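J.: Please read through the structure below; I'll follow up with questions.
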Ligand SMILES: [Zn+2]
């Protein structure tokens with residue numbers, strides 16, 4: 001899949017021209033194309049005028065092509081590190097190529113080795129094992145850019161320390177919950193348990209809000225499942241439990257979606273002005289509520305997790321019910337606090 005490559009190609013060409021004009025000779029570039037939603041162009045250069053090596057990087061999401069000098073970030077390299085890098089990239093003995101995966105959304109890395117006829121190595125999300133020789137050059141490059149970019153590097157190397165599953169959490173997979181089969185994502189144990197949870201009506205709430213399905217699955221404790229349709233083709237599957245990435249709760253929720261077993265959440269509005277009580281409370285904003293536990297309401301927080309909040313503050317009921325079930329259960333429950 002081409003991911004806005006044309007748009008960023010223009011910016012990168014402009015960067016290249018800008019650096020050339022300054023007397024920089026580019027040897028090696030790394031382009032993070034939509035990697036964790038970042039578009040960052042890193043270029044390793046030799047500057048003849050000052051006889052020094054420089055690592056330069058641009059955030060292409062914010063660059064203004066007319067005032068490039070304001071957006072350039074650079075770091076001078078020790079000649080020891082620079083020589084190591086030059087040595088590494090001139091002696092690379094791997095075949096250039098592309099490892100694009102159509103089941104991955106975003107997270108593309110494009111490496112160009114200008115010292116070797118502009119050879120290009122491109123891959124989606126994880127550096128392929130057969131390109132292990134790129135590890136040392138990449139580590140050197142990333143040791144000269146801000147530490148926050150280390151995260152990308154660790155993720156790129158996940159194939160080598162078997163942590164791909166960890167980085168895949170909360171990433172989109174090629175799947176449309178309204179059309180596609182989902183069984184293949186789950187292990188046998190998760191399928192069995194998920195089927196039981198669904199059959200025993202443990203998917204207690206299921207509602208679609210914009211591009212997200214939200215479900216509460218009552219296991220030992222209630223958990224929140226979010227099925228977020230990023231676009232027609234891609235979806236993020238997420239559960240608040242600490243278990244496996246594709247757990248029984250997600251399986252149960254997907255069965256409920258497939259069978260259209262909707263059951264709307266209660267909606268409540270917070271009446272107080274105690275802004276520290278909940279993450280963020282704006283006028284008119286309502287919360288998804290999935291029940292009560294004694295004197296607290298069980299809510300879905302703004303950041304998509306499960307939270308709870310006391311019903312009463314300073315002797316007053318702090319919540320107004322905006323949407324109830326057919327029996328008005330929640331309104332009736334809250335009535336007793338309304339004296
Ligand atoms: Zn779960």
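The values are calculated or read from the model by the stated rules, or taken from the named source; none is laboratory data. Nothing here was measured: the structure is a model prediction, and the numbers come from that model. Heads up, the Cβs are rebuilt from the backbone with ideal geometry, glycines too, and the neighbour counts pull from every protein chain shown.
J.: So in the stretch 201-214, with the set limited to residues that are within 19 Å of residue 176 (Cβ to Cβ) and out of contact with any strand residue (DSSP E or B) (no Cβ under 6 Å at 6 or more places or on another chain), which one is surrounded by the fewest Cβ atoms within 10 Å (Cβ to Cβ)?
T.: Taking the candidates together, the pick is 210.
J.: Given (1) at pLDDT 90 or above; (2) closer than 21 Å to residue 242 by Cβ, identify the lone condition not met by residue 144.
T.: Only one criterion in (1) at pLDDT 90 or above; (2) closer than 21 Å to residue 242 by Cβ is unmet by residue 144, namely (2).
J.: Name, by its number, the condition in (1) away from the ligand (no atom under 12 Å from the Cβ); (2) buried (at least 16 other Cβ atoms within 10 Å of the Cβ); (3) modelled with pLDDT of 95 or more that does not hold for residue 270.
T.: If we test residue 270 against (1) away from the ligand (no atom under 12 Å from the Cβ); (2) buried (at least 16 other Cβ atoms within 10 Å of the Cβ); (3) modelled with pLDDT of 95 or more, just (3) comes out false.
J.: Here is a further query. Would you mention how many residues in the stretch 80-97 are out of contact with any strand residue (DSSP E or B) (no Cβ under 7 Å at 6 or more places or on another chain) and closer than 15 Å to residue 143 by Cβ?
T.: 5
J.: Looking for whichever is buried (at least 19 other Cβ atoms within 10 Å of the Cβ) and either without any contact (Cβ under 8 Å) to a residue 40 or more places away in the chain or on the phi > 0 side of the Ramachandran plot (or both) here; the options are 247, 239. Which one fits?
T.: That would be 239, the only listed residue that is buried (at least 19 other Cβ atoms within 10 Å of the Cβ) and either without any contact (Cβ under 8 Å) to a residue 40 or more places away in the chain or on the phi > 0 side of the Ramachandran plot (or both).
For (1) out of contact with any strand residue (DSSP E or B) (no Cβ under 9 Å at 6 or more places or on another chain); (2) free of Cβ contacts under 8 Å to residues at least 24 places away in the same chain; (3) farther than 22 Å from residue 217 by Cβ, each residue gets a yes or a no:
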site: 289; (1), (2), (3): no, no, no
site: 293; (1), (2), (3): no, yes, no
site: 296; (1), (2), (3): no, yes, no
site: 301; (1), (2), (3): no, yes, no
site: 306; (1), (2), (3): no, no, no
site: 311; (1), (2), (3): no, no, yes
site: 320; (1), (2), (3): no, no, yes
site: 323; (1), (2), (3): no, no, no
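J.: Is it the case that the stretch 26-37 has a residue that's in contact with a strand residue (DSSP E or B) (Cβ under 7 Å, 6 or more places away or on another chain), exposed (fewer than 14 other Cβ atoms within 10 Å of the Cβ) and farther than 22 Å from residue 136 by Cα?
T.: no
J.: A follow-up question, please. Can you find a residue that is assigned to a helix (DSSP H, G or I), assigned by TED's automatic domain parsing to the domain that holds residue 12 and surrounded by fewer than 20 Cβ atoms within 10 Å (Cβ to Cβ) anywhere in the stretch 90-112?
T.: Yes: one or more hits.
J.: Please count how many residues of the stretch 218-234 are part of a strand (DSSP E or B) and either within 16 Å of the ligand (Cβ to nearest atom) or over 15 Å from the mean Cα position of the chain (by Cα) (or both).
T.: 8
J.: With the condition kept exactly as written, say whether any residue in the stretch 239-260 is modelled with pLDDT under 95, in a strand (DSSP E or B) and within 16 Å of the ligand (Cβ to nearest atom).
T.: Within the stretch 239-260 (the criterion being modelled with pLDDT under 95, in a strand (DSSP E or B) and within 16 Å of the ligand (Cβ to nearest atom)), the answer is yes, since at least one residue qualifies.
J.: Something else now. Scan the helices (runs of 4 or more DSSP H) fully inside the stretch 138-207 and keep the ones with 3 or more residues being more than 25 Å from the chain's Cα centre (by Cα).
T.: Output list reads 188-199.
J.: Residue by residue through the stretch 128-158, note down the ones that are touching a helix residue (DSSP H, G or I) at 6+ places or on another chain (Cβ under 6 Å) and closer than 17 Å to residue 53 by Cα.
T.: 137, 140, 142
J.: Here are the criteria: (1) free of Cβ contacts under 8 Å to residues at least 60 places away in the same chain; (2) within 16 Å of the ligand (Cβ to nearest atom); (3) in contact with a strand residue (DSSP E or B) (Cβ under 9 Å, 6 or more places away or on another chain). Tell me which single one residue 193 does not satisfy.
T.: It fails just one condition, (3).
Let's see how each residue does on (1) modelled with pLDDT of 95 or more; (2) within 16 Å of the ligand (Cβ to nearest atom); (3) surrounded by 15 or more Cβ atoms within 10 Å (Cβ to Cβ):
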site: 122; (1), (2), (3): yes, no, yes
site: 135; (1), (2), (3): yes, no, yes
site: 151; (1), (2), (3): no, no, no
site: 172; (1), (2), (3): no, no, yes
site: 216; (1), (2), (3): yes, yes, yes
